[in-house]
Amino acid sequence: MADTLLTVEHVRKTYESSTGSVEAIADISFTMEAGELVCIVGPSGCGKTTLLKCIAGLLRPTDGLVELHGKRVTAPPENMALVFQEYGRSLFPWLTVRGNVELPLKHKGLSREERRQLVDDAIEAVGLAHADTSYPWQLSGGMQQRVAIARAVAYQPEVLIMDEPFAAVDAQTRADLEDLVRALHKDRGMSILFVTHDIDESVYLGQRVIVLSNAPTWVQEDLAIDLEAERDQITTRALPRFTELRTHVYEQVQRAKRGQAVRPGS
Amino acid sequence: MSTVAPAAGAPNAPQPRKGRSGAARVAQSIGYSFGLPILLLVLWGVWVTLSEPKFIPSPAEVYDAFVKTWIGPAFMSDVVPSLTRLAIGLVLSILIGIALGTVIGLVKWLRELLEPSFEFFRAIPPPVMVPVIAVILGQTGTMKVVVIVLGALWPVLLNTIEGVRSTDSVMKDTARAFALTRSQRLRALVLPAAMPRIMAGVRQSMSIALILMVISEMFNASSGLGGNIVYFQRNYLVAEMWSGIVLLGLVGVLLATIFGFVERRMLRWYHGVKEVEHG
């Protein structure tokens, strides 16, 4: 067994408000190994973003714990990078593409030359070498999200967390970006936790798909995706096995939406 | 398999508009800038010649008075000290406003503690404070600078607080997620994000500072631009008085030009974003 990278154990999150407390996440547990690409999928409003923020140390869970390499996460860890859905609000418009990618490296104690190499390499990896002196707002949405991915790649995280990163880009751009994520995982061995509401996307990308229930949320199913590592937008999506898996996940999500799923252990 | 990404399209950056040659554009912009002033000067001249009003001299008389009054020793003894106090007061207002505003904008309890009092102080018209401050500090240069700062501080301060407070939540999460240090967050996120509002505050502060520069010199008509204008008024030196007013207007234009230059450089990104948003 490969070493466990990320452990999520009985995480519960309730929000206190003036009208009482709302339970967003009931009880979520799963683990992720180094080098894995895990997709989390669930109906909209099921607390995916809440879960991610708890994992990333941006929110404190009400109960339970998150561990990265056996170290409890209480604040954003240094070896984790995030890609947000709202690329326009996550990139700093006063910095160039290069400036954005380089910013988080500045406190890592690297030499100027090491930094330059990491930035060059990351910008090259996402295919933006021609635009490195542009500003993010001069680029299309898909390219802006590439910048955000380059920033995460240059940061050399042990785990890359992506929160519905392609929800706001058009379908063709999304297919390209999905292949970019697959390539980062395959060629660079990056461990990626990818949250999406798109069932096809989760099956196409993931080695595992974790299906979440409706809020208050728990893990409804943890499904291994037994497709080959070499995937392709046309042939993979045309495989009978792909259709089976996506139908299965689709049914699970539909059950989750209707609240028919049975909570494990209850 | 070495490269990871497929080739992407060219950046759809807004291109600078291409048009007529540079010289023609410069000529046109000069025409726009000076067209109306020249027209007004002509109208003024014609009107004064036709109806001979008592307290309004002709443009030529004002021009003569301007050269006689301000170009010469008075420039060093009155104009330069006034402008120096204006500059010191303005720079202090901006520095204090940004520093205080950043701290207050970041600390919630401090903001809640101070904001009601700020509403009170900013509502006081600064000129009413001049006699009080003059009594406390005397007729000194310090007093005049203090008057300018007390009035010009508020727009920068309040705008900085608001700009710092309203830093985008996703940008803040991004900065936290990438474990940016406190000073990095301040320099790379909080201050640049607040800069459009800060600059809007600076613009307001500039006009207030100019008004207060004049008013602080009008009491006890001592020296400086304001003092001279009051002196001319009291001694029926009508053309000289008008020349002082013209000089104030020119100072205003100078300030606006400097501001425009600095603002364009600092907020290039902001204007770019706006341009993209509005197609």
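A few points about this structure:
- Computed from Cα positions, the angle between helix A:141-154 and the longest principal axis of chain A comes to roughly 80 degrees.
- At R0 = 51 Å, FRET efficiency that the Cβ-Cβ distance of B:Phe261 and A:Asn79 yields, to 0.05: 0.70
- Legend: distances between Cα atoms for A:Lys48/A:Lys106; A:Lys71/A:Lys106; A:Lys108/B:Lys172; pairs beyond 27 Å are A:Lys48/A:Lys106.
- Rolling a 1.4 angstrom probe over segment B:80-273 with all protein chains present gives an accessible area of which 69% lies on carbon and sulfur atoms.
- Chain A against chain B buries an accessible area of about 3200 Å², both chains summed, 1.4 Å probe radius.
- Dipole magnitude of the protein assembly as shown about its Cα centre (Cβ charges: Lys, Arg +1; Asp, Glu -1), debye to nearest 20: 1480 debye
- Accessible area, probe 1.4 Å, largest first, for residues A:His185, A:His10, A:His248, B:His278: B:His278, A:His10, A:His248, A:His185
- Portion, in percent, of the accessible area of segment A:66-179 that falls on carbon or sulfur, probe 1.4 Å: 43 percent
- Principal-axis tilt of helix A:112-125 within chain A, Cα atoms, nearest 10 degrees: 60 degrees
- Across B:Met218, B:Met76, B:Met199, B:Met266, the residue with the most accessible area heads the list, and the full order at a 1.4 Å probe is B:Met76, B:Met266, B:Met218, B:Met199.
- Taking all protein chains together and a 1.4 Å probe, the residues B:Glu61, B:Glu52 rank B:Glu52, B:Glu61 from largest to smallest accessible area.
- Additional length obtainable on full extension of the chain from B:Val132 to B:Val276, 0.36 nm per residue less Cα span: 46.8 nm
- Between 0 and 90°, nearest 10: helix A:171-188 axis offset from chain A longest Cα axis: 80 degrees
- Residues in segment A:88-105 occluded by at least 10 Å² - accessible area, probe radius 1.4 Å, against chain by itself: A:Arg89, A:Ser90, A:Phe92, A:Pro93, A:Trp94, A:Leu103, A:Pro104
- Extending 7 Å from the Cα toward the beta-carbon at both A:Ala238 and B:Gln204 defines two label points whose distance is 6.4 nm.
- Cross-link reach is defined here as a Cα-Cα straight distance under 27 Å, omitting same-chain residues fewer than 8 places apart; for B:Lys54 the lysines meeting it are B:Lys68.
- Scanning chain B for long hydrophobic helices, with DSSP H runs required to stretch 18 angstrom or more by C-alpha along their axis and to average at least 1.6 on the Kyte-Doolittle scale, returns B:80-106.
- Under 19 Å from the Cα of A:Lys257 - aspartates and glutamates, other chains or at least 8 residues apart: A:Glu23, A:Asp27, A:Glu164, A:Asp198, A:Asp200, A:Glu201, A:Glu221, A:Asp222
- Rolling a 1.4 angstrom probe over the protein heavy atoms with all chains in place gives segment B:80-273 an accessible area of 48 Å² per residue.
- Put simply, the Cα atoms of segment B:135-279 extend 68, 42, 17 Å along their principal axes, the longest span coming first.
- Neighbourhood charge, 15 Å Cβ-Cβ cut-off, centred on A:Glu201 and excluding it, Lys, Arg +1 and Asp, Glu -1: -2
The values are calculated or read from the model by the stated rules, or taken from the named source; none is laboratory data. Note that the coordinates shown come from a computational prediction; the quantities given were computed from them, not determined experimentally. Methodologically, a virtual Cβ is constructed for each residue, glycine included, from the backbone with ideal geometry; neighbour enumeration extends over all protein chains shown. All accessible areas refer to the heavy atoms of the entire protein, side chains included, with ligands and DNA or RNA removed. Shrake-Rupley method; radii C 1.70, N 1.55, O 1.52, S 1.80 Å.
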